[in-house]
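S.K.: Please see the structure below; I have some questions.
The values are calculated or read from the model by the stated rules, or taken from the named source; none is laboratory data. Since the model is a prediction, treat every value here as computed from it, not as a measurement. Methodologically, a virtual Cβ is constructed for each residue, glycine included, from the backbone with ideal geometry; neighbour enumeration extends over all protein chains shown. Remember, those area values only see protein heavy atoms, side chains included, never the ligands or the DNA or RNA. Shrake-Rupley method; radii C 1.70, N 1.55, O 1.52, S 1.80 Å.
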Amino acid sequence: MSTTLPLFWHLSSSSKKDRLDASVKLISSLEHFQAQFEASSPSEEDEGNDEKPDALETLNAQDVSYSVRRLTRGLASPRESSRLGFSVALTELLSRIETVTCSQIFALIMDATKSQGSMTGQEERDVLFARLFGMTAIIQSGLIVRTKPLPTSQSSATLASSFEGYEQVLTELLVLGEKKSWLRESAWWAISLAADSLKAAEVPWKDEAVHATAQHLFVENKIWSPEKIALALKLQSAFEEFNWRPLFSPTFKNPDLLSNVNLQTLALILKDSAHDGGDADAPKIAAAGGWKTQLHYVWDIMLDRLLNTSNAVKGNFPEFFRIVVDESLFSSTASPERKYWGFQVFQKALHLVSEDNMPMLFTKNFMRTWINHLSKQDRYLHKAAKQTVAEIQTFVQRNPKLGFALILQLTGVHGSQQFDKITKTKTLESIISTMDVDDIKQYIAHLLNQANDSEVEVEIINARRRWIIDQLSALIRNGSIAKTGEWVETVLDWFVVNGLYVVKKKSEKSRFIGLRQIPKPQFSDELRQACRDKLLSCLADLTNHIMTIESDNAKVKVAGVAADGELWVTKVLSTIEELKQEKHVSSIAEIDKEEEVLRAKVREVVAKLEKVSGNQQEAASGTQLLLVASLVQQSCSEEVVSLETIELCTNAATREFSLDKVKKKKTKKGRPSASAPIDEADSDDGGPEPIDAIVDTIIGFMEESTAYMRTIGNQVFSLISGQVKISTIDLILTQLETRDPAAEDEEIDEDEEMDEDEDEDEEGEDAEGRSQSSNDDEEDDENEDSDNEEVDEELRQRILEALSVNGIKAANEDDEDSEEEEYMDDDQMMAIDEHLAEVFRSRVNEKKASKDLDAQREATHFKNRVLDLIDIFMKKQPSSPLIIRLIIPLVDLITRSTTDEKQLSDKARGIARSRIGKAKEIASAEEQKVEGGGGKEKGEGEEQEEVTSIFETLHKRARTERSPDHLSILSDCCIYISQVMLHAGMQDQVVVQYCHSLIDFISRKNSSLNVSFFQQFFRRSRTAAWNLRNDLLEVSGKAANLYRQFQAYQLIHDLLTEPPFDNHDEVTQYLQALCKTLLDVISRACDGSDSSLGLNASQMREVLKLALVGARQARKVAVAAQIPQPQNVATIWDSAAWTQATDLLLASERFKGAAQMCKQVVQIASAPSNMSQSQSKGKDEKKVKPKGVSKESKERRAKEEEKKGGNEEVKELKGEKKRTSRKRKTQVAGADGIEGEESAPSLEGQGKKVKRKKVA
């Protein structure tokens, strides 16, 4: 007993794992005790006493009988999770031992759960739950139908179960269900478990038990409930030979409860709502208990029988779902609670239905309810509707083949074509993303079949066609769908046919789907424009799409091409040209001969560009894309590319790639023909570079508002970026210059007016021959137009206000009958004139300001797009020397942009940080003379002067820049160019500029630089930074204040962390100079001779920290330089002088606490180096060399000793820090309050004095 008692406590644990572990240990122990007890046979006098009170102790071990009783009593315990733990243990124990009967356990449960009149409500609930859990334990353990007799004597055999015991359990469960409505579902669920056990059992009283069950459930109880339906379905399927018709009637007309004639009655019962009882034929329904969010288990049984079982009533599931779910749970009068159940039923059925029955789930009422609750977040069942969306998405991912069927339902009769837009979800988009190529083709065919319907009204078919256009473009835009050539070409061809042509006659054998049927009615002009716009939008998306194609047995990722490697834009242009020759269509726009000649020339150049190979192949591909895209834009958009631009771009491509070297042809009038190529020699006659003409066309694309032109421009520039020259960069940077948009507009207007005047002059005297009557008519028309113009109410109110100020009342229609008319004198007229002039002047200024604001906004957007070109160039050509020319303009945009151009400034800042501050490759200044075309080649000296000038400009900007963010950008740019200059052997120029900035930072109080500006350079360029050592040490003595002096010490500390030990002489000399400087600072601070050097104790410790670093570096230098004994370290770091400094500190009342750190400096400086110690030890060991000690072992031992010595010094220093920290009450932080300065780890912030409070 002592081994099982502790286990009962853990059965009540709130942790499921602890409860299960305790149950396993308890049952294992009890099985062991019972096995030992069964080893001894029972006595004769105990045989046949199983019904006596002591029968449990007679056949079971003492621990087992105690455990059975305690587990039974523990079912009523309200402590934590005891009911769960005790019921699981009891169920498992009853299933393991075979020495108890069903009646015994039933009696124990009833005896332990007797209710009394004095019980509270909680105690009564505990008793009822205890009975429910106890009966469930009897059923789940199998004890209720166990056929094996008890191990009693041979003369009498007692069975573990009996019909009486089964009926007792059944009756008690029915009583529990009737006593409390909220217990009915659980009690009847336990009865269904008993029915399952009875079906699988082979007890002799099986038929008797079935009749008794039917008698208790259906004869004695005529009230129907969802639990009764669930049990009826289970019993009917388990015992089919039983006659169920008389038991189910008259409530159900057919013994098959799921037949169509019973569905109305079934829906009424399953709705579980109160019935008024007015209808005599209505079934008697049990009173509804409290509503539960959990769906009743009867739905699982019904759906399993309708959808999964082999003998299900096939064919009536759609009718069942329509009547029982859609017209009941989703009816317009149903409560939100019933609709919530309906959503759960839908989610369960969705994963069980077949492909044929799946569309039947999307019924009318369900779709209405679902869309309504999805559309707004404040709807009561919005979360349930969102969960249904998630279930549908999961279902489609598991069954991609059903995606198309789902789309048909969501956009069908009961759904909405704008489902995603109305519900503010991406349900359709996510479903389409999971569909394979075959389903996508099927979906496209479905959409195109709906585009023609002559039986509906024009407004309806136009709205449907508009939706189809949006859906087709959404397919192209969806990045999750594979862009295979066939279905994408189908969509693009349909857009071309209906956007650019009119179908006159159908051609059923045509490869174009749009020609296989004449649209009825014909597409309107608005829809044709929509087709053209979506065509360009799709081409923009496809141009950005990356396709993996095989080239020379290797996979290459190319943008904007189909699987066969051809550009999508080229395919569209081929379709347009092919349809021109088609007899069944006519073009909606006529093309003149000049444009047709130019198009032929472009096609000829494009064919030649396809043959370009080698290093220029990528650039040729980009130029080809530009030319073809220009022709497509010319055909599809209202913002056409001018013919002059296309011709200029074509000629530039011919010159850039040497496609044609034939001399120009002359027309009869002596001017060059539009189709005549330009000789390469013409490019040297002061004309622009070919690449500049191409890039200028791209910049023209950036000015347009369409995404198609911007995308094409970016993609083309990405491909031709390798051909960019100096003049090209200058052309791009010119677009970023600050100009007055209003002034430009005025210039453009003036040019247009001059052109119009010239045209009018050319017309001659015909204009003067106009009749006076026509002028009169025009004046009349103008007057009529002016009368019809709408009155500006705001202007009207201002004029009335100006009149009222001067005492004049506005005239009204009602004043016509007034007898006297008031007149104004001259003074009143002058006053009104001034007020009216002010009103009209303010009106003009408002219009002008609005116009200027729009022009400024457009200019900012254009510059943003130009910055995209710069970003593309820096990304594609990270090692190009032309990047250096982009740095100053980027800095100007970042630092000098106005508040209206914040977006432009932020974008330039992002480019500078990502492409310059985090650059993995740097530009080469020496290659500029090779790649930098567009003018005279620069010599090496000129290149270095240009880079040095840019570097100097950046440093000058940094010294005066007040913004920390801008200073960070300038620091990144300076470091980038310094790396370029160092690679080009221009270290001296780098050091000079950083030296000037360093002097400005330390010696000038108002300097805008911070210590981080130099620390980044020190980390990136250790060798170049070392050349600043002497200047840094010298300028530290000329610091503007103590704060800057200690920042100089911080930089010295950074230099000393990794000095160049390979140059021992330089390091030695610098350490000696540093030693003298620090000693001088300590001496002047102690004797107070220098009033400007007013150090406090904290600042003195920072000086000594730097001295400790210098002493350790001197020790390392002595080892590396192999300075002979004695005083190898003292020759660098004067130990005697530091001893004197220690005495000065001890004598000073202020710095007495820092003397210990000075002693550490003396100890390090006076001690011999580890190298010398190891050398001396080596000499001694040479005299007596033990066997087995090799040279390598001695070196390893010397290194270990050196490491050990260093660790001891570190520990010593840490101990000193702890001791000194206890003494200090406050610590000076001089960096606080100085704007733009960043705090450094150790020496920062030590330059300002603070007054300490005296602690009483």
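S.K.: Considering only residues that are of a type in the set (A, V, I, L, M) and within 27 Å of Phe1013 (Cβ to Cβ), look in segment 1071-1080 and name the one that is most open to solvent (accessible area, probe 1.4 Å). Quick ask: steps written out before the conclusion?
M.R.: Just the residues of segment 1071-1080 that are of a type in the set (A, V, I, L, M), to begin with: 1071, 1073-1074, 1078-1079.
Within this subset, residues satisfying the condition of being within 27 Å of Phe1013 (Cβ to Cβ) are 1071, 1073-1074, 1078.
Values: Leu1071: 1, Ala1073: 37, Leu1074: 0, Leu1078: 0 Å².
Result: Ala1073.
S.K.: Here's something else I'd like to know. Looking at (1) surrounded by fewer than 19 Cβ atoms within 10 Å (Cβ to Cβ); (2) modelled with pLDDT of 50 or more; (3) in a helix (DSSP H, G or I), which one does Phe717 not meet, given that it meets all the others?
M.R.: (1)
S.K.: Identify the residue in segment 1078-1103 that is among the polar types (S, T, N, Q) and either part of a loop (DSSP other than H, G, I, E, B) or in contact with an Asp or Glu (Cβ under 9 Å, 6 or more places away or on another chain) (or both) and, among all such residues, is modelled with the highest pLDDT.
M.R.: Taking the candidates together, the pick is Asn1096.
S.K.: Read through the list (1) open to solvent by 10 Å² or more (accessible area, probe 1.4 Å); (2) at negative phi, then give the number of the only condition that Glu1102 fails.
M.R.: (1)
S.K.: A further question follows. Would it be correct to say that Ala563 is open to solvent by 20 Å² or more (accessible area, probe 1.4 Å), in contact with a helix residue (DSSP H, G or I) (Cβ under 6 Å, 6 or more places away or on another chain) and closer than 26 Å to Val456 by Cβ?
M.R.: For Ala563, the condition - open to solvent by 20 Å² or more (accessible area, probe 1.4 Å), in contact with a helix residue (DSSP H, G or I) (Cβ under 6 Å, 6 or more places away or on another chain) and closer than 26 Å to Val456 by Cβ - is not met.
S.K.: Restricting the first residue to segment 1059-1086 and requiring it to be within 30 Å of Glu1149 (Cβ to Cβ), which pairs with a second residue that is buried (at least 17 other Cβ atoms within 10 Å of the Cβ) and of a type in the set (Asp, Glu) meet a Cβ separation below 8 Å and a spacing of at least six or different chains?
M.R.: Cys1075/Asp1134; Leu1079/Asp1134
S.K.: Restricting to segment 389-412, and then to whatever is within 16 Å of Ile440 (Cβ to Cβ) and small (Gly, Ala, Ser), can you tell me which residue is most open to solvent (accessible area, probe 1.4 Å)?
M.R.: Ala405
S.K.: Filter segment 159-177 down to the residues that are of a type in the set (Gly, Ala, Ser) and open to solvent by less than 10 Å² (accessible area, probe 1.4 Å), then identify the one that is farthest from Val219 (Cα to Cα).
M.R.: Here the residue is Ala160.
S.K.: How about segment 450-487: which of its residues are at pLDDT below 90 and among the polar types (S, T, N, Q)?
M.R.: Within segment 450-487, Gln450, Asn452, Ser454, Asn478, Ser480, Thr484 qualify.
S.K.: Quick one: is Leu567 closer than 18 Å to Val641 by Cα and more than 27 Å from the chain's Cα centre (by Cα)?
M.R.: no
S.K.: To continue, here is another question. Would you tally the residues in segment 950-975 being open to solvent by 10 Å² or more (accessible area, probe 1.4 Å) and either under 34 Å from the mean Cα position of the chain (by Cα) or farther than 11 Å from Gln993 by Cβ (or both)? Steps first, please.
M.R.: Step one: list which residues in segment 950-975 are open to solvent by 10 Å² or more (accessible area, probe 1.4 Å), which gives 950, 952-953, 956-957, 959-966, 968, 972.
Narrowing the set further to residues that are either under 34 Å from the mean Cα position of the chain (by Cα) or farther than 11 Å from Gln993 by Cβ (or both) leaves 957, 960-966, 968, 972.
So the count comes out to 10.
S.K.: Residue check: is Asp972 of a type in the set (Asp, Glu) and modelled with pLDDT of 90 or more?
M.R.: Values: of a type in the set (Asp, Glu): yes; modelled with pLDDT of 90 or more: yes.
When the stated conditions are applied, Asp972 passes them.
S.K.: Within segment 436-551, which helices (runs of 4 or more DSSP H) (wholly inside it) include 2 or more residues that are of a type in the set (A, V, I, L, M) and open to solvent by 40 Å² or more (accessible area, probe 1.4 Å)?
M.R.: By residue number, 437-449, 458-477.
S.K.: Just to check your reading of the model, which residue among Arg1022, Arg1044 is more than 24 Å from Asn1063 (Cβ to Cβ), at pLDDT below 95 and among the charged types (D, E, K, R)?
M.R.: After applying the criteria, what remains is Arg1044.
S.K.: For segment 408-435, give me each residue that is charged (D, E, K, R), in contact with an Asp or Glu (Cβ under 9 Å, 6 or more places away or on another chain) and part of a helix (DSSP H, G or I).
M.R.: Result: Asp420, Glu429.
S.K.: Within segment 227-242, take every residue that is more than 12 Å from Thr213 (Cβ to Cβ) and outside any helix (DSSP H, G or I) and give me the one that is least open to solvent (accessible area, probe 1.4 Å).
M.R.: Here the answer is Glu240.
S.K.: With Phe86, Phe133 as the choices, which residue is out of contact with any strand residue (DSSP E or B) (no Cβ under 6 Å at 6 or more places or on another chain), open to solvent by 40 Å² or more (accessible area, probe 1.4 Å), under 22 Å from Trp182 (Cβ atoms) and modelled with pLDDT of 90 or more?
M.R.: Within the list Phe86, Phe133, the selection yields Phe133.
S.K.: Condition check: among the hydroxyl-bearing types (Ser, Thr, Tyr), without any contact (Cβ under 8 Å) to a residue 40 or more places away in the chain and within 20 Å of Val100 (Cβ to Cβ). Does Thr113 satisfy that? So that I can check it myself, show each step before the final result.
M.R.: Values: among the hydroxyl-bearing types (Ser, Thr, Tyr): yes; without any contact (Cβ under 8 Å) to a residue 40 or more places away in the chain: yes; within 20 Å of Val100 (Cβ to Cβ): yes.
When the stated conditions are applied, Thr113 passes them.
S.K.: Note down all Cβ pairs under 6 Å where the first residue falls in segment 689-710 and is over 17 Å from Leu539 (Cα atoms), the second is of a type in the set (Val, Ile, Thr) and open to solvent by 40 Å² or more (accessible area, probe 1.4 Å), and they're at least six residues apart or on different chains.
M.R.: Thr697/Thr645
S.K.: Also: Of everything in segment 111-125 that's within 60 Å of the chain's Cα centre (by Cα) and among the hydroxyl-bearing types (Ser, Thr, Tyr), which residue is nearest to Leu75 (Cα to Cα)?
M.R.: Step by step, filter segment 111-125, then rank; the result is Thr113.
Residue-wise test of (1) modelled with pLDDT under 85; (2) aliphatic (A, V, I, L, M).
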{"position": "Ala563", "(1), (2)": "no, yes"}
{"position": "Trp568", "(1), (2)": "no, no"}
{"position": "Lys571", "(1), (2)": "no, no"}
{"position": "His584", "(1), (2)": "no, no"}
{"position": "Ala607", "(1), (2)": "no, yes"}
{"position": "Leu643", "(1), (2)": "no, yes"}
{"position": "Glu656", "(1), (2)": "no, no"}
{"position": "Lys664", "(1), (2)": "yes, no"}
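S.K.: Mind counting the residues in segment 593-651 that are within 42 Å of the chain's Cα centre (by Cα) and acidic (Asp, Glu)?
M.R.: 4
Residues checked against (1) open to solvent by 30 Å² or more (accessible area, probe 1.4 Å); (2) more than 21 Å from Met1100 (Cβ to Cβ); (3) of a type in the set (Gly, Ala, Ser):
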| residue | (1), (2), (3) |
| --- | --- |
| Ala1024 | no, yes, yes |
| Asn1030 | yes, yes, no |
| Phe1046 | no, no, no |
| His1053 | yes, no, no |
| Glu1058 | yes, yes, no |
| His1064 | yes, yes, no |
| Gln1069 | yes, yes, no |
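S.K.: Another question, then. Of all residues in segment 992-1017, how many are buried (at least 19 other Cβ atoms within 10 Å of the Cβ), assigned to a helix (DSSP H, G or I) and among the hydrophobic types (A, V, I, L, M, F, W, C)?
M.R.: 7
S.K.: Only residues that are surrounded by fewer than 23 Cβ atoms within 10 Å (Cβ to Cβ) and not small (Gly, Ala, Ser): list them for segment 611-630, please.
M.R.: Lys611, Val612, Asn615, Gln616, Gln617, Glu618
S.K.: Could you check how many residues of segment 534-549 are out of contact with any helix residue (DSSP H, G or I) (no Cβ under 6 Å at 6 or more places or on another chain) and over 21 Å from Ser718 (Cα atoms)?
M.R.: 0
S.K.: Let me ask another. If you scan segment 266-280, which residues turn out to be open to solvent by 30 Å² or more (accessible area, probe 1.4 Å) and modelled with pLDDT of 90 or more?
M.R.: Answer for segment 266-280, where residues must be open to solvent by 30 Å² or more (accessible area, probe 1.4 Å) and modelled with pLDDT of 90 or more: just Leu268.
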